[in-house]
Each structure stands twice: as C-alpha cells, then as structure tokens.
1. Please average, across the residues of B:88-100, the number of beta carbons from any other chain that are within 10 Å of each residue's own beta carbon, and give a whole number.
2. Among A:Ala134, A:Ala207, A:Pro100, whose Cα sits farthest toward the positive end of the charge dipole of region A:100-212 (+1 at Cβ of Lys/Arg, -1 at Cβ of Asp/Glu, about the Cα centre)?
3. Could you give me the ³J(HN,Hα) list for region A:14-24, computed from phi with Karplus coefficients 6.51, -1.76, 1.60 and θ = phi - 60°, whole Hz, x at Gly and Pro?
4. Enter the mean number of other protein chain beta carbons within 10 Å of the beta carbon of each residue in B:110-121, as an integer.
5. Which value at 222 nm does chain A reach when only helices count, each DSSP H run of 4 or more adding -39,500 (n - 2.57), with the total divided by all residues and rounded to the nearest 500 deg cm²/dmol?
6. In whole angstrom, how far apart do the alpha carbon centroids of region A:9-41 and region A:140-173 sit?
Amino acid sequence: MIYEAVGSTEPIQQGDIFCNIPRVDFSLSALAVIDEDDAPKAMTWRDALTSNPNVPISAVLAVKPVTAIVITQNCDATRGQTLSLCQIEDYLVATNQTSPPRDAKAWQRLLMRMSRQNPRFFYLPMDANFSLNAKSAVDFRVVLPVPRLDLESMRDLRIARLNKVALEHFREALSHFFRRYAFNEWYPLTREEFTAYAEQAGEEVTAFDWQK
Amino acid sequence: MTVGAADSVSPVTTPIIVYDENLSHDSASREDSSHTRVSKRGILWPQIIIASSIMALTTPLVSFPDLPLSGLTNLRDQTESWAIEKGRRITLREARRIALQAHYQFEDGLRRDRIQEARLMQLSMNEDEA
C-alpha cells in the first residue's frame with residue numbers, strides 16, 4: 001500500500017520503520033543505581049545526583065523492544081549522534097477502541113475522524129508484505145532516542161519505508177504535532193457560551209476575566 | 001531478533017518473551033508470578049540492562065570527560081569523588097524489580113493517557129452529532 005522496500009545498505013531516512021527498537025523505561029522516583037562498589041542501591045534520581053555532574057550514573061533499567069518510525073530529518077539522520085524515532089502501536093490499542101469497527105464503512109469513519117481531530121496519531125495501514133500485520137498508529141508522544149551509528153549497523157531491523165505520498169503526509173503530520181502551540185480556545189466565548197462550554201469540556205477550564 | 005523472524009511475525013502484535021538469563025530468579029517468588037501474569041497478557045517483555053550514562057538520556061547536552069577505561073585504577077581515580085551516600089543497598093533481584101516496576105508504570109501511564117484522550121475525542125464526537 002503505502003510502503004516500499006528498502007535495501008539494507010540504504011541510508012536511514014525519515015519515515016523508515018524499524019522493529020525491535022529499544023525503549024528505555026525508568027522512574028525518577030525509584031532507581032536501582034550501581035555505585036562504585038558495584039552494588040545496587042535503591043534511590044531517587046535526586047539522591048543519585050552528585051556534586052560532580054560530569055560523572056555518569058549507572059543504573060539497572062528496563063528496556064522494551066518496540067516498533068518505531070524515524071522522525072529525524074534526513075540531513076540530521078546522516079550526521080547526528082542520535083536519531084529520534086516514535087513508537088508504533090496497534091491502532092485499536094493506541095486509540096483505546098474497545099472493539100474493532102465492524103466493517104469498512106465504520107473503519108473509514110474512525111480513521112478519518114481520528115486523523116482530522118487527533119494530531120497525536122499517524123495511521124499506518126497493515127501490509128503483510130512488510131511484516132505490518134495489523135492496522136497501526138505512530139504515537140508522536142513517545143519519542144525514542146537511538147544512537148545513529150548503532151542503528152546504522154543494525155539496518156536489518158528496518159522492515160519498511162514510507163512511500164513518497166505517505167512520507168509527505170507523515171512529514172506534515174509530524175510538523176503539525178510538534179509545532180502546535182497551546183491556547184485556550186474558549187477565550188472569545190461570552191459568559192453564557194463559556195458556561196455551556198465548561199459543562200461539556202471534560203477537563204478543567206478557567207474563565208477569562210471578561211467571562212466572569 | 002533475526003531478519004527472518006521479522007519477516008514471519010508481526011512486530012506490532014506478536015508477543016515476544018525475552019528473559020534475562022544472567023539474572024537468576026526463584027520460581028516461587030512473587031516477582032516471578034508477576035512475570036507469569038504479564039506473559040499471559042502477551043506483553044513484550046522488557047530486558048533488563050545495566051545502563052551507564054543515564055544522564056545522557058535525560059540531559060543530552062551534557063558532555064562527558066574522556067574517562068580512561070584501560071585499567072581499573074584510572075577509572076577508580078576518576079570516580080573516587082563519586083560516592084553515592086544515599087540510598088539503601090539492595091539485591092540484584094530487587095534492582096530488577098525496581099526496573100520492571102518503572103516499566104509497568106510507564107505502560108500504565110500510557111494506557112491512562114490514551115483512555116483520557118479517547119474520552120475527549122468521544123466528547124468531541126458527541127458534540128458534533130448533537
């Protein structure tokens with residue numbers, strides 16, 4: 001569909017999809033740090049900070065292999081120390097759908113609504129030819145840094161690349177997500193309109209002075 | 001995971017259970033029962049690593065000195081002033097548990113985040129239909 005095959009020697013580009021990318025999970029409130037005596041200690045990140053910020057800290061961390069897509073621009077991908085990827089997740093899981101749409105009509109309605117209203121996810125259709133056996137979504141909120149040279153030596157983990165059409169849309173969606181700025185959309189409402197808005201907002205909203 | 005394996009299974013939906021064989025664990029421990037529960041859910045099991053330079057993950061602008069790694073003496077001299085006074089000593093098993101707990105917290109937080117997002121989307125859809 002929207003993917004193309006890419007040779008194992010081809011440079012890494014924005015839109016390349018990899019499997020088994022490491023996602024390192026850690027908590028600043030609970031870390032297992034290895035001290036100079038090679039013994040693990042439980043502490044918070046704040047406790048682990050020392051007066052010498054130049055000395056790195058060693059810790060025991062969980063690393064989960066995930067499927068992910070390169071978001072780093074091509075010019076940076078050729079020389080940067082680190083590549084950035086975003087995690088790819090099963091579409092229904094990512095969008096928290098309790099059950100799959102029952103037919104194509106329902107699917108397209110869901111996909112179109114999500115793409116128009118939720119910039120966080122970028123839809124990836126399934127394609128068994130590229131080991132993408134389920135409808136998936138890129139989650140722009142889960143960003144993974146990976147050393148570029150290491151990933152270049154493991155290009156066999158690359159399973160697909162977005163084709164030209166898909167890449168153009170991906171680039172736009174990516175840009176839009178990271179260039180959004182937060183604003184309180186209710187600012188031009190009258191007091192009565194704001195009251196109605198606040199009742200259905202689903203989250204806490206604060207009235208401006210002219211709405212009180 | 002080999003390229004062949006990647007061709008034959010979906011990396012998105014197929015659960016892969018990977019164990020850190022270097023860490024011994026008591027099969028009767030509570031930790032292992034939690035492993036079983038997680039495994040039955042078909043969740044990709046995280047590996048446990050000893051991660052150095054954790055600061056690089058959180059503060060990418062920090063530059064590190066060239067620590068001479070040839071010879072423990074040099075390394076020890078460099079880190080002599082680095083003595084973590086705080087924190088309690090734990091076993092490697094407990095360290096692994098702490099690491100896995102952080103993983104579960106992240107997954108749980110991601111799930112709650114998506115639930116909240118879906119609710120907001122539903123509100124928006126209800127409004128459109130109204």
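Values quoted throughout were computed directly from the atomic coordinates according to the rules given, and no laboratory measurement underlies them. Source: prediction; values computed, not measured. Here the Cβ positions follow ideal geometry from the backbone for every residue, glycine too, while neighbour counts run over all protein chains shown.
1. Working: counts 4, 6, 8, 3, 5, 1, 5, 11, 4, 4, 13, 13, 4.
Per residue, the number of nearby Cβ atoms from other chains is 6 on average.
2. Going by the Cα projections, it comes out as A:Ala134.
3. 4, x, 6, 10, 10, 9, 6, 7, x, 10, 8
4. Other-chain Cβ atoms within 10 Å of each residue's Cβ, averaged: 5.
5. On the way: 7 runs with 57 residues, N = 212.
Only helices count here, giving -7500 deg cm²/dmol.
6. Using only Cα atoms, the two centres lie 17 Å from each other.
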